[in-house]
Structures are given as C-alpha cells and as structure tokens.
Amino acid sequence: MTLRIKLLSEKDLDRWDAYAKKMNASIYHQSRWRSVIKDVFKHEDYYLYAEDENEIIRGILPLININSRLFGNYLVSMPYFNYGGVISDAEQAQDLLLSEAEKIRVRLGASHIELRELVERKSFENVRDDKVTMLLELPDDSDDLWSAIGAKRRAQVKRPIREGVEFKFGGKELLDEFYRVFSTNMRDLGTPVYNKLFFKTIMNYFPDESCIVVVSLAGEPVGAGFLISWDGVLEIPWASTLRKVNRIGVNMYMYWNILKYAIENGYKVFDFGRSSKDAGTLRFKKQWGSKQKQLYWHYLMDKNSIMPGLNPSNPKYKTAIEIWKRLPVPVANYLGPFIVKGLP
C-alpha cells in the first residue's frame, strides 16, 4: 500500500469527519473543533491525514500548536479535552502520521507532542498513566440506577429538594448562569478560567451535541454543568457547584438529574470525565457505579528530555494557585483566559 500524508483542507472536511465516525473516534476528532480552537484561542493547527493510492483516508491525527510565553511551545492532540491522538486502520498509516508529526515538531522548535489516547502504544518511551476516565454503563430504566446507588445516596439526592432547589436543561440561554457558577468555582480552586466565548463557540459549532444544566436555589444559580453527547455517550467535561451549598448536596442532586435525563433519552454510557488516580473527585464518580478506563498520554520529544508537568499538582505552581484563590472573581475572569489559552 502506498500512502501519502496531507494537511486537511476545506474540501476534505466531510471525508475526514466520515472517517472519524466510521472508526468510532471521539467527538474531539471531528473537524469542527479546529474552528472552535481557531476562533477562540487563535492557535495554529496541523490536521494530518494519511491517504492511499485510491484517495481513501487510512488514518488521521489532529494537532494543535500552543506557543505560550509562559508555558512554552508544544503540540497537543487534543488540548482542553480528554481525548485525541492517532486514529488509523493501518499500522503503516499510524507510523507515517507520527513521523510527520515529529517533523513538524522539530520544524516549529516545539518541546514535545502530547497525544491524549485511550490505547497504550508500546513503542513510546514516554507516557503518563496517572489519569483515568470514569464511565458508567447506563441501565434501560432510571429506577434501576436509583435502586443501585443505595439508600444513603438517595437521601443525599433528596436533601436539596427539601431546600427548594430547581433544575433545568437548556442551551445558550443558560450560558450566563453556567459561567457564573463555573468561573466562581474555578477561582476557588485557584485555576484560571476559560473565556465565556469558548463555551458559546462550542454551542455554535455543536448545537445538537451540547447543552447546559443549571441548579438554582432561591433564584440563584448554585450548580451547573456543560454536557456534550456523541454516539450514545453523554459526557460532562465541565461541572461546578458553589462551595456554600455543598453542605446540602447540590452536586448529588445535579448529577442524579443528569443521569436520569441520560437514561430517559437513550444514552448507553455516561462519561464523568477524567480524574487523577488519587483525586477526591474519583471517589465521587465511583459512588454512582462508574468504572475506571485508563488514559495514556504519549509524548514525542527529544531524548533525555523531561516529560512536561503543566498541571495543578506540579509543586512549582502551588504559590500561584494560592494567590489566584484570593483574587476577586471579576479579576480572575479577566486574567484567566489570557493564561489558560497556553495550558493544555
């Protein structure tokens, strides 16, 4: 088989997306994310695909180049999301795509390439395996899940109802409420927040695959989540509750309503998103019956280089995190987008 590597062009978007769909790739392999990232973050991209002599796509690799004064120059597949990497139906295509990616890295002077994958590649010397994603296979009836979670958790779900909470699903009309909760919680965690434009742009390009949930108490939004659906899976990449209401279990109430919605609308799997193996969030996700699925973050880099540590658990960011927690929310919301665009 003779293959050649090409850069994705506008005329090939449908072919790319059809191949990704055929290969059961993640939603983050769809070409629309290229436009989301370009519109919001202005990053350069290198969407590579391998094509055979009959002009049939045999492999794809979306790459985003992040070049930050604060955090360096590197490539990621895919930044800001949990899944990416090489998708191929031929080992030769995979090898050629990775070879071309390495050439691009060297040409750009980038320190490394990070591939966020679900499959371990034995050929890689550098790999991080400290993160997992949590997946819950959903029953056909929400009553079955209600029984399975046990009496203690059912009581935790009911507690906020006695306090008078309200729950709603929606689209862009809920974006302001979502962002108010999300940005406040991110400040409390000491983490720079995305611009509201990021979420609005996702909803523009993925109107049928994205929605927002909000929990309100006495008319004030106190919990919120941003959901993305794809191929029978409902995922919650971003979710937050305000600390002041955690004592009444708003997060339990919110997640139960999301899971009930997922079951009633025919989803087969709920994706709680990634967690570090030692994180407290992992225990929260496990209590619903979800199971761990290992994530493999593979790195292409120069020999003897150290794998990057661009994450909040890196000790060198401890002081910055503590300072960020003390910022007024409007200040954090203003500064955050300038910082977070350089973080994967």
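The values are calculated or read from the model by the stated rules, or taken from the named source; none is laboratory data. All values derive from a computational prediction rather than experimental measurement. When we count neighbours, we look across all protein chains shown, and the Cβ atoms used for this are built from the backbone with ideal geometry, even at glycine.
Here are the numbers for the structure shown:
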item: Which listed residue, of G289, G223, G309, G273, is within 30 Å of A110 (Cβ to Cβ) and touching a residue at least 12 places away in the same chain (Cβ under 8 Å); result: G273
item: Within the range 58-137, strands (runs of 3 or more DSSP E) holding 1 or more residues that are charged (D, E, K, R); result: 112-117, 126-128, 131-137
item: The listed residue being of a type in the set (K, R), within 24 Å of V331 (Cα to Cα) and touching a strand residue (DSSP E or B) at 6+ places or on another chain (Cβ under 8 Å), out of K244, K196; result: K244
item: Number of the condition not met by S99 [criteria: (1) over 17 Å from L7 (Cα atoms); (2) of a type in the set (G, A, S); (3) surrounded by fewer than 17 Cβ atoms within 10 Å (Cβ to Cβ)]; result: (1)
item: Of all residues making up the range 83-92, the number that are surrounded by fewer than 20 Cβ atoms within 10 Å (Cβ to Cβ) and either modelled with pLDDT of 95 or more or within 18 Å of L300 (Cβ to Cβ) (or both); result: 4
item: Candidate set: the range 138-189, residues that are part of a strand (DSSP E or B) and out of contact with any Leu (no Cβ under 9 Å at 6 or more places or on another chain); chosen: the one surrounded by the fewest Cβ atoms within 10 Å (Cβ to Cβ); result: G170
item: Residue match in the range 227-244 (condition: assigned to a helix (DSSP H, G or I), buried (at least 18 other Cβ atoms within 10 Å of the Cβ) and of a type in the set (K, R)); result: no
item: Qualifying strands (runs of 3 or more DSSP E) (wholly inside the range 247-344; at least 1 residues being crowded, with 16+ Cβ neighbours inside 10 Å and over 17 Å from the mean Cα position of the chain (by Cα)); result: 296-301
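Residue by residue, here is whether (1) at positive phi; (2) touching a residue at least 40 places away in the same chain (Cβ under 8 Å); (3) under 25 Å from the mean Cα position of the chain (by Cα) holds:
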position	(1), (2), (3)
H112	no, yes, yes
K122	no, no, yes
A148	no, yes, no
R154	no, no, no
R162	no, no, no
F169	no, yes, yes
G190	yes, yes, yes
P207	no, no, yes
V213	no, yes, yes
